[in-house]
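*Asks:* First the structure, then my questions, so here it is.
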Amino acid sequence: MNNSSIPVIAIDGPSASGKGTVAQLVADKLGYHYLDSGALYRIVALAALKRHIPWDNETALAEMTTSLKIEFKAADIFLNEENVSEQVRTEQMSQGASQVAIHPRVRQTLTKLQHSFRKSPGLVADGRDMATVIFPDAKTKIFLTASAEVRADRRYKQLLNKGLAADHAAILKDLKDRDARDKQRTVAPLQQASDAHLLETSQLNIEQAVDKAMNFIAQSA
Ligand code: DC
């Protein structure tokens with residue numbers, strides 16, 4: 001079925017930039033569907049861990065990925081009927097997702113699944129390669145970023161608010177490691193598409209970032 005007339009808003013950016021929150025709020029405002037593509041790589045990392053498949057074994061990871069049953073139901077994510085929403089959000093899975101995501105065959109097996117989210121009346125998709133690879137014909141492309149220090153601060157405060165222990169220096173180092181891995185991989189690296197709007201959020205709160213995103217979307221209407 002040709003669904004290329006269904007509008008897509010692609011929001012890419014680095015880890016902990018707040019793009020997930022912004023993308024979700026934009027989707028709510030527009031009444032569009034929402035794809036959290038990072039969750040797919042997190043699920044692959046988690047499923048591999050459960051099956052003792054190392055994150056650097058591309059062949060085994062790709063074979064495993066084709067057999068996974070992944071479902072999004074409201075705000076929850078299910079892997080083979082198990083609700084894994086909490087398990088995929090750990091720092092260990094952040095690192096794992098970034099490692100399994102470097103493999104071309106893993107990315108390939110997730111492509112069709114990502115395309116299947118393009119449903120009427122529209123889709124807001126967030127990730128690293130939404131504008132460059134998965135939905136190159138997206139109506140609006142936004143590259144949402146913030147400095148590594150600001151992103152580390154936000155993550156640190158989030159953890160403290162949840163009552164969890166947090167080490168600011170370790171968080172900053174992990175973020176920089178992930179940025180480097182996501183930007184330097186050969187396939188679908190994190191980069192701003194040439195036709196994407198830059199949304200720098202270091203000095204913005206969530207509401208201001210959503211307003212700017214909505215302005216970019218209005219401009220491309
Ligand atoms: O957005 P996130 O932090 O949940 O993403 C986790 C990792 O998944 C990220 O470090 C790189 C990878 N990823 C990717 O390679 N391509 C995407 N479209 C989304 C995420």
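*Asks:* With respect to ALA48, determine if the residue is in contact (Cβ under 8 Å) with a residue 40 or more places away in the chain and closer than 22 Å to LEU190 by Cα.
*Replies:* On the way: in contact (Cβ under 8 Å) with a residue 40 or more places away in the chain: yes; closer than 22 Å to LEU190 by Cα: no.
So ALA48 does not fit the description; no.
*Asks:* Any idea which residue in the range 141-166 is modelled with the lowest pLDDT, counting only those that are in contact with a Leu (Cβ under 9 Å, 6 or more places away or on another chain) and not in a helix (DSSP H, G or I)?
*Replies:* ALA165
*Asks:* Could I ask something else about it? Going through MET64, MET93 one at a time, which residue ends up being assigned to a helix (DSSP H, G or I) and more than 14 Å from the ligand (Cβ to nearest atom)? Break it down stepwise before answering.
*Replies:* On the way: MET93 fails: more than 14 Å from the ligand (Cβ to nearest atom).
After applying the criteria, what remains is MET64.
*Asks:* Pull up the range 1-47, narrow it to residues that are near the ligand (Cβ under 8 Å from one of its atoms) and among the hydroxyl-bearing types (Ser, Thr, Tyr), then point me to the one that is nearest to ILE134 (Cα to Cα).
*Replies:* Filtering the range 1-47 for residues that are near the ligand (Cβ under 8 Å from one of its atoms) and among the hydroxyl-bearing types (Ser, Thr, Tyr), the one nearest to ILE134 (Cα to Cα) comes out as SER37.
*Asks:* If you take the residues of the range 115-130 that are of a type outside the set (Phe, Trp, Tyr) and more than 12 Å from the chain's Cα centre (by Cα), which of them is surrounded by the most Cβ atoms within 10 Å (Cβ to Cβ)?
*Replies:* Applying the first criterion (of a type outside the set (Phe, Trp, Tyr)) to the range 115-130 yields 115-116, 118-130.
If we keep only those that are more than 12 Å from the chain's Cα centre (by Cα) too, we end up with 115-116, 118-123.
Working: HIS115: 15, SER116: 10, ARG118: 19, LYS119: 11, SER120: 11, PRO121: 10, GLY122: 17, LEU123: 26.
In this case the residue turns out to be LEU123.
*Asks:* Only residues that are in contact (Cβ under 8 Å) with a residue 40 or more places away in the chain and surrounded by fewer than 14 Cβ atoms within 10 Å (Cβ to Cβ): list them for the range 51-63, please.
*Replies:* Initially, the range 51-63 is screened for residues in contact (Cβ under 8 Å) with a residue 40 or more places away in the chain, giving 55-56, 58-59, 61-62.
Across the range 51-63, the qualifying residues are ASP56, THR59.
*Asks:* Continuing with the same structure: Report the residue count in the range 117-138 for those that are basic (Lys, Arg) and within 13 Å of the ligand (Cβ to nearest atom).
*Replies:* Step one: of the range 117-138, the residues basic (Lys, Arg) are 118-119, 128.
This time we only want the ones that are within 13 Å of the ligand (Cβ to nearest atom), so: 128.
Summing the residues that are basic (Lys, Arg) and within 13 Å of the ligand (Cβ to nearest atom) in the range 117-138 gives 1.
*Asks:* I would also like to ask the following. Among the residues of the range 41-55, is there at least one that is assigned to a loop (DSSP other than H, G, I, E, B), more than 22 Å from ASP195 (Cβ to Cβ) and either of a type in the set (Gly, Ala, Ser) or touching a Cys at 6+ places or on another chain (Cβ under 9 Å) (or both)? Break it down into steps so the answer makes sense when it comes.
*Replies:* Quick first cut of the range 41-55, residues assigned to a loop (DSSP other than H, G, I, E, B) only: 51-55.
Okay, now just the ones that are also more than 22 Å from ASP195 (Cβ to Cβ), so 51-55.
Still in the list and also either of a type in the set (Gly, Ala, Ser) or touching a Cys at 6+ places or on another chain (Cβ under 9 Å) (or both): none.
Checked the range 41-55: no residue is assigned to a loop (DSSP other than H, G, I, E, B), more than 22 Å from ASP195 (Cβ to Cβ) and either of a type in the set (Gly, Ala, Ser) or touching a Cys at 6+ places or on another chain (Cβ under 9 Å) (or both).
*Asks:* Kindly check whether there is at least one residue in the range 95-102 that is at pLDDT 95 or above, more than 18 Å from ASP179 (Cβ to Cβ) and hydrophobic (A, V, I, L, M, F, W, C).
*Replies:* no
*Asks:* Further question on the same structure: Of the numbered conditions (1) touching a residue at least 12 places away in the same chain (Cβ under 8 Å); (2) touching a helix residue (DSSP H, G or I) at 6+ places or on another chain (Cβ under 9 Å); (3) more than 9 Å from the ligand (Cβ to nearest atom), ALA165 satisfies every one except a single condition; which is it?
*Replies:* Only one criterion is unmet by ALA165, namely (1).
*Asks:* Can you report the number of residues in the range 163-221 which are exposed (fewer than 15 other Cβ atoms within 10 Å of the Cβ) and of a type in the set (Lys, Arg)?
*Replies:* Number of matching residues: 2.
*Asks:* Is it true that some residue in the range 91-106 is of a type in the set (Val, Ile, Thr), buried (at least 20 other Cβ atoms within 10 Å of the Cβ), under 29 Å from ALA165 (Cα atoms) and under 15 Å from the mean Cα position of the chain (by Cα)?
*Replies:* The answer is yes, given that some residue of the range 91-106 is of a type in the set (Val, Ile, Thr), buried (at least 20 other Cβ atoms within 10 Å of the Cβ), under 29 Å from ALA165 (Cα atoms) and under 15 Å from the mean Cα position of the chain (by Cα).
*Asks:* Can you tell me which condition LYS141 does not meet? The list is (1) within 15 Å of the ligand (Cβ to nearest atom); (2) farther than 26 Å from LYS29 by Cα, and all the others hold.
*Replies:* (2)
*Asks:* Could you count how many residues in the range 107-116 are within 17 Å of TYR32 (Cα to Cα) and more than 12 Å from the ligand (Cβ to nearest atom)? Walk me through it before giving the result.
*Replies:* From the range 107-116, those within 17 Å of TYR32 (Cα to Cα) are 114-116; that's our starting set.
The next check asks that each one be more than 12 Å from the ligand (Cβ to nearest atom); those that pass are 115-116.
The number of residues fulfilling the criteria is 2.
The values are calculated or read from the model by the stated rules, or taken from the named source; none is laboratory data. These numbers come from a predicted model, not from an experiment. Counting neighbours? That spans all protein chains shown, and the Cβs are built from the backbone with ideal geometry, glycine included.
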